[in-house]
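The values are calculated or read from the model by the stated rules, or taken from the named source; none is laboratory data. These numbers were taken from a predicted model, which means no experiment stands behind them. Don't worry about glycine lacking a Cβ; one is built from the backbone with ideal geometry, like all the others, and counts go over all protein chains shown.
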Amino acid sequence: MIVSIGFGDAQLRSTMPNSCWLGRGELCGSQIKENMMLRELGTFIAVCRYGTFTSASARLNMTQSAVSDHIRRLEEYLDTQLFHRTGRSAKLNSVGQEFLPLAEQALELLEKMRKPSANKPLRGTIRIGTIASMHSTLVARAMVLFRQSCPDVTIRAVRIESGAAGHVEREELDLAVTIRPGRLPSHPLTWIPLFRTPYVLIAPSSWEQNTWRSALRRGPLIRYEHSTAGGRSIDEFLTQERMTVKEAIWMNHFDAMATLVSYGVGAAFVPLTRLIADTSNIKIISLEEKTFYRELGILTKAASEKPDRATSRFIDALKEVGTHVEFSETVA
């Protein structure tokens with residue numbers, strides 16, 4: 001049975017904000033404690049309306065696995081199944097038929113609550129993930145700017161080194177500040193570029209070599225872990241230039257690499273930042289016409305998902321702060 005619901009696609013999405021909750025609860029992994037997010041209700045209604053998980057995922061710009069996760073979490077919360085799953089169709093069982101009008105009423109009530117509150121102070125929580133090198137610089141400065149206009153919004157920031165897209169798609173994070181992925185994301189995610197910084201070679205100031213080629217031949221090289229996007233960029237550069245290097249240490253923290261270089265351990269490729277420029281006992285060697293870049297940006301839900309106002313405000317704060325990052329240039 002396919003149930004027709006009086007909600008348009010845009011309305012379904014607009015009534016499923018990331019930070020709206022029925023009461024107070026907390027999402028921890030796939031387990032829901034005390035109360036559930038309203039987004040699951042919107043997904044449930046979409047599946048009812050379009051008859052299959054596949055059709056609902058296409059209409060909501062979500063992956064089919066994300067739709068399945070929403071329904072699974074909803075059924076876990078209710079401690080009952082809502083559908084007869086036969087083949088590709090998803091037919092409501094008797095419990096699901098009783099629950100459907102309640103779900104519609106909940107979202108209708110939320111929509112009525114949201115309309116008059118457009119000019120009220122923002123409240124709620126936004127969840128941000130960021131790579132280590134941006135945690136105490138770009139993101140911290142954006143927090144200061146954001147708090148000036150949204151003092152009642154709680155910010156939950158965590159460090160992430162990999163898997164940013166998965167965290168955002170599973171709605172564990174509202175956005176992630178990270179390095180541009182090799183393959184740009186598709187729906188339901190989008191990539192918002194912020195800026196890019198050039199890679200340079202840093203070497204101990206005691207070394208006589210003043211070109212990157214001669215410094216690499218002098219070696220050894222402190223390597224950035226090649227399982228990361230930055231490490232892969234460095235690997236590609238060395239391969240293209242047919243450079244064979246002597247490897248000393250592998251790690252994934254640019255600030256620690258700069259410290260090792262200052263103690264004379266070896267040279268290292270790093271993106272040029274104020275921290276690098278202020279490190280003593282090192283020399284910064286330009287890659288000149290061979291320069292490659294580290295591009296930073298934001299992974300979040302696509303525009304069609306209508307991110308909540310708090311998330312949109314924080315993205316604006318990141319963009320503003322990003323225009324003032326030293327040694328960087330904006331990316332179209």
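What the table shows:
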| quantity | calculated |
| --- | --- |
| Options Val47, Val67; residue that is in contact with a strand residue (DSSP E or B) (Cβ under 6 Å, 6 or more places away or on another chain), part of a helix (DSSP H, G or I), at pLDDT 75 or above and surrounded by 15 or more Cβ atoms within 10 Å (Cβ to Cβ) | Val47 |
| Flag if Ser227 is at pLDDT below 95 and closer than 27 Å to Leu173 by Cβ | yes |
| Some residue of region 293-306 being farther than 30 Å from Arg147 by Cβ, in contact (Cβ under 8 Å) with a residue 40 or more places away in the chain and part of a strand (DSSP E or B) | yes |
| Whichever residue in region 271-285 is part of a helix (DSSP H, G or I) and either more than 19 Å from Phe195 (Cβ to Cβ) or within 27 Å of the chain's Cα centre (by Cα) (or both) and, among such residues, is modelled with the highest pLDDT | Ile276 |
| Qualifying positions in region 217-236 - basic (Lys, Arg) and either outside the structural domain of Trp207 (by TED's automatic domain parsing) or under 19 Å from Trp207 (Cα atoms) (or both) | Arg217, Arg218, Arg223 |
| Candidate set from region 286-311 (those that are of a type in the set (Gly, Ala, Ser) and more than 16 Å from Pro188 (Cβ to Cβ)); member that is modelled with the lowest pLDDT | Ala310 |
| Members of region 145-186 found to be out of contact with any Gly (no Cβ under 9 Å at 6 or more places or on another chain) and of a type in the set (Ser, Thr, Tyr), listed by number | Ser149, Ser162, Ser186 |
| Residues located in region 237-257, provided they are farther than 21 Å from Pro204 by Cβ and without any contact (Cβ under 8 Å) to a residue 12 or more places away in the chain | Thr239, Gln240, Arg242 |
